[in-house]
Amino acid sequence: MTSQSITARIASSVSSIDAAAWDACAGADNPFLSHAFLRILEESASVGGRSGWQPSPIVIDDAHGCPAAIAPVYAKSHSQGEYVFDHGWADAWQSAGGRYYPKLQIAVPFTPAPGPRLLLRDPALAPALIGAIEAVVDQNRLSSAHATFVAPDQLSDFEAADWLIRQGTQFHWRNDGYGAFDDFLGALASRKRKAIRKERAAAVDGLSVRHLTGRDLTEAVWDAFWVFYQDTGSRKWGRPYLTRAFFSLLGERMADKVLVILAERAGRPIAAALNLIGGNTLYGRYWGCVEDVPFLHFELCYYQAIDAAIARGLAFVEAGAQGEHKLARGYAPVATWSAHYIPDPGFRRAVSDFLARERHAVAADQAFLGTMTPFRKAAEA
């Protein structure tokens, strides 16, 4: 696409773009958007090939040929691994004789973590980058483009381009200056404090829990985690999204950004949760186990994550998609956002009507969930 002096191109992969140039656009706060993480997905064959996720980053270069704006775009042949569900849209469009796939997905594969979807060294290029995405859709007669888990401060860029906006819900924990887990418990209603203490004691009875990062992330750790991940993946998705090589490369190249919380019984690993460490957020991503222990999922994924965030002075824990059970563990509902470009007027109108109805329901649900958090009410303070 060319507009005045601005030209956009489609790169063949993230790996084909200079790492320092990519990271200058992406920033350092969100590890999922780093060149290292996205390249690991490619080199481990978790994306590309027959995965249905074809890397197609759209790049605007500056006058010196260096990327000044990048969109992490993937050409998708299905709607798996996105966590913002559009299967109904696909069915409707295809029933009407249209071809929904391939579509463009502006996202981090398999990662429902909010973050920038327009990676901008030059913020003034946001409209041009969105225009380039639209041009790829229009010129190739694709059904749509979808930017999922958009950082709230970029939502206005997509709204200005008249993309359809969709609202969702996640549950995040916020650090209100706690010095220790007991300080967090002190902010909860007495009944909730007792319930959490009881859960934590039951979860770790007979077990040891270790926090592993950096050099602690050996191949033996990844061998154990691979077993856990396969079990969870086969139950949730039918087959795991990530390959075994992904975890080895993650430990090799991003070990200081990774935290594995491992539970062992008599020295034998039985469960673990994998987290990535961001600038101000701990991101919980994967969990699995080979032994069913009551409350252990809550302990490793939620409570131990809070412990780790407090110890590191992080402001938030984002524990992944969905899960109203997180409410009782001190995680509060927050809005998430996606933006959708649909060029066909009739299809756009139908989706817009659906989103208007859905938005009212989501807002009402969030308001209700907000009343169910375990924190002390004013009368109890």
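The values are calculated or read from the model by the stated rules, or taken from the named source; none is laboratory data. Fair warning: this is a prediction, and the values are worked out from it, not measured in the lab. Note: ideal-geometry Cβ built from the backbone for every residue, glycine included; neighbour counts use all protein chains shown. These area figures cover heavy atoms from the full protein model, side chains too; ligands, DNA and RNA do not enter into them. Shrake-Rupley method; radii C 1.70, N 1.55, O 1.52, S 1.80 Å.
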Query - Separation of the residue 256 and residue 344 label points, Cα + 7 Å toward Cβ, nm - result: 5.0 nm
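With every protein chain left in place, what is the accessible area per residue of the stretch 281-381 in square angstrom, probe 1.4 Å? List each step's numbers first, then the result.
On the way: 4520 Å² over 101 residues.
Accessible area per residue, the stretch 281-381: 45 Å².
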Report task. Amide H neighbours of residue 322 under 5 Å, at least 5 residues apart or on other chains, H built in the peptide plane: list them. Result -> 171
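Taking 0.36 nm per residue of sequence separation and subtracting the Cα-Cα distance, how much length would be gained by fully extending the chain between residue 231 and residue 124, in nm to one decimal?
Numbers: separation 107, 0.36 × 107 = 38.52 nm, distance 4.54 nm.
So the extension gain works out to 34.0 nm.
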**Report entry** Spherically averaged projected area of the stretch 87-186 from its Cα convex hull (nm²)
**Finding:** 9.5 nm²
Query raised in the report: Once you list every other residue whose beta carbon is under 10 Å from the beta carbon of residue 182, what net charge do they have if Lys and Arg are +1 and Asp and Glu are -1?
Result: +1
Query raised in the report: Looking only at 95, 12, 51, which one moves most when the chain is put into a Gaussian network model with springs between Cα atoms under 10 Å?
Result: 95
Query raised in the report: Can you give the translational diffusion coefficient of the stretch 318-381 in µm²/s, computed by Stokes-Einstein from the Kirkwood radius over Cα pairs at 10 °C and 1.306 mPa s?
Result: 111 µm²/s
Query raised in the report: At 222 nm, what helix-only mean residue ellipticity would the chain give, in deg cm²/dmol to the nearest 500, using -39500 (n - 2.57) for each DSSP H run of four or more?
Result: -10500 deg cm²/dmol
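Taking the Cα centre of the chain as origin, work out the dipole magnitude from +1 charges on Lys and Arg Cβ and -1 charges on Asp and Glu Cβ, in debye rounded to 20. Intermediate values should be presented prior to the final figure.
Values: 38 positive and 40 negative charges, 193 e Å.
Computed charge dipole of the chain: roughly 920 debye.
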Report task. Find the percent of Cα-Cα distances in the stretch 24-149 that exceed 17 Å, and round it to a whole number. Result -> 58 percent
Report task. Provide the FRET efficiency to the nearest 0.05 for the residue 210-residue 324 pair, computing r from the beta carbons and using R0 = 35 Å. Result -> 0.75
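Under the 0.36 nm per residue contour assumption, what length would be gained going from the current alpha-carbon distance of residue 360 and residue 266 to full extension?
This chain segment gains 28.8 nm when fully extended.
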Report summary line: Note, the stretch 95-112: 3J(HN,Hα) by Karplus (6.51, -1.76, 1.60, θ = phi - 60°), whole Hz, Gly/Pro = x, goes 5, 7, x, x, 10, 6, 10, x, 10, 9, 10, 9, 6, 9, x, 6, 9, x
Report task. DSSP loop (so not H, G, I, E, B), at most 12 other Cβ within 10 Å: list which trypsin sites (Lys or Arg not before Pro) in the stretch 1-105 pass both filters. Result -> 50, 99
Query - Cross-link partners of residue 76 among lysines (Cα-Cα below 30 Å; sequence separation of 8 or more within a chain) - result: 103, 236, 257
Query - At 0.692 mPa s and 37 °C, Stokes diffusion of the chain via Kirkwood alpha-carbon radius, µm² per second - result: 149 µm²/s
Query raised in the report: In straight Cα distance, which lysines are under 24 Å from residue 377, not counting same-chain residues fewer than 8 positions off?
Result: 192, 194, 198, 326
Query - Karplus-derived HN-Hα couplings along the stretch 143-149 (A = 6.51, B = -1.76, C = 1.60, θ = phi - 60°), whole Hz, x at Gly and Pro - result: 6, 5, 9, 9, 9, 10, 6
Requested in this report: Quantify, in whole percent, the carbon and sulfur part of the accessible surface of the chain (1.4 Å probe; protein heavy atoms only).
Outcome: 52 percent
Query raised in the report: What whole-number value in Å² describes the accessible area per residue of the stretch 1-139 for a 1.4 Å probe?
Result: 39 Å²
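Computed FRET efficiency, Cβ-Cβ of residue 95 and residue 138, R0 25 Å: what is it to the nearest 0.05?
Working: r = 23 Å, r/R0 = 0.92.
My answer for the efficiency is 0.60.
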Report summary line: Along principal axes, largest first, the alpha-carbon spread of the stretch 242-359 in whole Å comes out as 61, 35, 31
Query raised in the report: If you count, for each residue, the other Cβ atoms within 10 Å and average over each peptide, how do 112-118, 242-248 line up from highest to lowest?
Result: 112-118, 242-248
Requested in this report: Just subtract the alpha-carbon distance of residue 195 and residue 162 from 0.36 nm times their residue separation and send over the number in nm, one decimal.
Outcome: 7.2 nm
Report summary line: Under the 7 Å Cα-to-Cβ spin-label approximation, residue 369 and residue 219 lie apart by a distance in nanometres of 4.2 nm
Report summary line: Lys and Arg at +1, Asp and Glu at -1: neighbours of residue 66 with Cβ under 15 Å from its Cβ sum to -3
